[in-house]
Amino acid sequence: MKKSLLVAAASAAVLMLSSCSPSFGGDKEEEITQKTEKSSEKAIIPKYNISDSYYKMVLPFKAGKARGLTTERLNTRLDIDEFETGLMRLAQDSFSTDDYLFQEGQYLDEDTVLSWLARKKEGSDLKKAEKEDKDFENLGLNPVLPSSGSTKEKNENSPVYLATMLEHDYLVRKDKNSIQLGGVMIGLALNSVYYYREKTGDPQQEVTIDDKTLRKEGEKIAQEVINRLRKKDNLKNIPITVALYKQASKTSIVPGNFIAKTEVKAGSTDIGSWDDVKEKYVFFPADDSTKQKYPDDAELFTRFKNAIDSYFPNYTGVVGTAMYENDDMKKMKIEIPMQFYGKSEVVAFTQYLTGEVMDYYSKNSLDVEIDITSSDGQEAVILRNAGDSEPTVHIYD
């Protein structure tokens, strides 16, 4: 295993890990009782919290009842990661990390979710399904595939909108010694591009779904999901937040993004209104459309890249992925693969880059991560969290 070493940076002799450091201040491991309507069991609240940006998780860890479906049904690893971590990030608007504990979804099991992700059936397709399974329930949330027309016409006129869904549970103290379910977060991942084949072995076809249609269909699906969740005894009187996620295409080099969310009060099935979530991911070096929309950021990245070119030619490229909220850059992750010629060069390169980060990406509200890699794996990482005056630097031994 590689060991982390703190290295001297341009403006500091020792760089300490700040906002990602565990919170040790008097925390004690707690044993409490987790209560539901039908049972109670012992649980533990962890002793440490690695950051105020993360929820403490109840132990022993309980895997989600629909574990694995997100991985199977989203297009890329980028979307898998963003869908789950982004859902936790949005949850903090409804369920604060100070008051709530996190648990993977315990109320929607795999069979239920799969039945909801299916297409609604009608006509001969419905009769066939009922014949094959006497307990079949026609619960599909995706539109019926029409019975008439060519395969292409049917799929283009009736694409699958809902790719997958994810449940996160948030627990809150009932009293000093017990916790109970205090809120639920539901993520609905929607297809921006729907893929299908006319028949087995044929080339894959695709249908692009425009943003207006995607939002409309997502909101309609969300209402039906709320209606169904309220029929579950444990969820009748629990606040539920639903977030709509637009997943990227299979060829995208950046993840998709959340587009809207809504809070449904305890005991209600009424979705009054939706809040826009104005997030997006952008790849650098910038293409023409990015240069037009974010000219200053595109120019800054080019200058940062050119500075590296001038001093250290033994690398194969610099690429970055930025996250924007309301068109303001909030995170920048830059990956720099280099040819490895010895540890001293890694140290020199890392020290130089640390100074460049402070010159080019010193904006106080920006999280920055620089990953330096070689064919042997990770060589170094530079981290600067929003609000920090100095970056944290690790060189791996």
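Every number in this text was worked out from the coordinates using simple rules, so none of it is lab data. Nothing here was measured: the structure is a model prediction, and the numbers come from that model. Note: ideal-geometry Cβ built from the backbone for every residue, glycine included; neighbour counts use all protein chains shown.
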Could you give each residue of the stretch 215-222 its phi-based ³J(HN,Hα) in whole Hz, using Karplus coefficients 6.51, -1.76, 1.60 with θ = phi - 60°, and x for Gly or Pro?
5, 4, 5, x, 5, 5, 5, 4
Starting from the Cα of K343, draw a straight line to each of the lysines and keep only those under 19 Å, dropping any in the same chain fewer than 8 residues away.
K2, K3
Quick one: of K305/K333; K120/K216; K120/K154; K56/K330; K212/K246; K212/K265, which pairs are farther than 20 Å apart, Cα to Cα?
K56/K330; K212/K265
Least to most buried among E279, E219 (fewest other Cβ within 10 Å first):
E219, E279
Between G317, G342, G218, find the one with the highest GNM mean-square fluctuation for the chain; connect C-alpha pairs within less than 10 Å.
G342
What whole-number distance in Å separates the alpha-carbon centres of the stretch 238-306 and the stretch 175-214?
15 Å
Which of rounded, prolate or oblate describes the stretch 55-277 when judged by the alpha-carbon gyration tensor and an a/c cut-off of 1.5?
prolate
If we sort 111-118, 122-129 on the protection proxy, mean other Cβ atoms within 10 Å, highest first, what's the order?
111-118, 122-129
Pop out the ³J(HN,Hα) list for the stretch 126-143 in order, Karplus 6.51 cos²θ - 1.76 cosθ + 1.60 with θ = phi - 60°, rounded to Hz; leave Gly and Pro as x.
5, 4, 5, 5, 5, 6, 6, 9, 5, 9, 4, 10, 7, 9, x, 8, 8, x
Would you pull out the residues with amide H under 5 Å of F258's amide H, same chain only if 5 or more places away, H placed 1.01 Å from N?
K246
Packing-based exposure ordering (other Cβ within 10 Å, fewest first) of I253, I382, I334
I253, I334, I382
How do 298-306, 204-212 rank on mean C-beta neighbours within 10 Å, highest first?
298-306, 204-212
If I take every Cα pair under 8 Å that is 6 or more residues apart in the chain, average their sequence separation and divide by the length, what percent do I get for the relative contact order?
14 percent
If you restrict to DSSP beta bridges whose two residues both lie in the stretch 147-288, what percentage is antiparallel, to the nearest 5?
75 percent
Using the 10 angstrom Cβ neighbour count as an exposure proxy, how do D371, D297 rank, fewest first?
D371, D297
Let me know the shape class of the chain, please: from the alpha-carbon gyration tensor, a ≥ b ≥ c as square roots of the eigenvalues, rounded when a/c is under 1.5, otherwise prolate if a/b is greater than b/c, or oblate.
oblate
Based solely on its DSSP helices, what 222 nm [θ] is calculated for the chain when runs of n ≥ 4 H residues each add -39,500 (n - 2.57) and the sum is averaged over all residues, nearest 500 deg cm²/dmol?
-8000 deg cm²/dmol
In Å³ and rounded to a whole number, note down the convex hull volume per residue for the Cα atoms of the stretch 212-334.
148 Å³
Once you charge only the Cβ atoms, +1 for Lys and Arg and -1 for Asp and Glu, what is the size of the charge dipole of the chain about its Cα centre, to the nearest 20 debye?
1060 debye
Given charges at beta-carbon only (K, R positive; D, E negative), |dipole| of the stretch 55-277 in Debye:
340 debye
Note, the stretch 223-228: 3J(HN,Hα) by Karplus (6.51, -1.76, 1.60, θ = phi - 60°), whole Hz, Gly/Pro = x, goes 4, 5, 4, 4, 4, 6
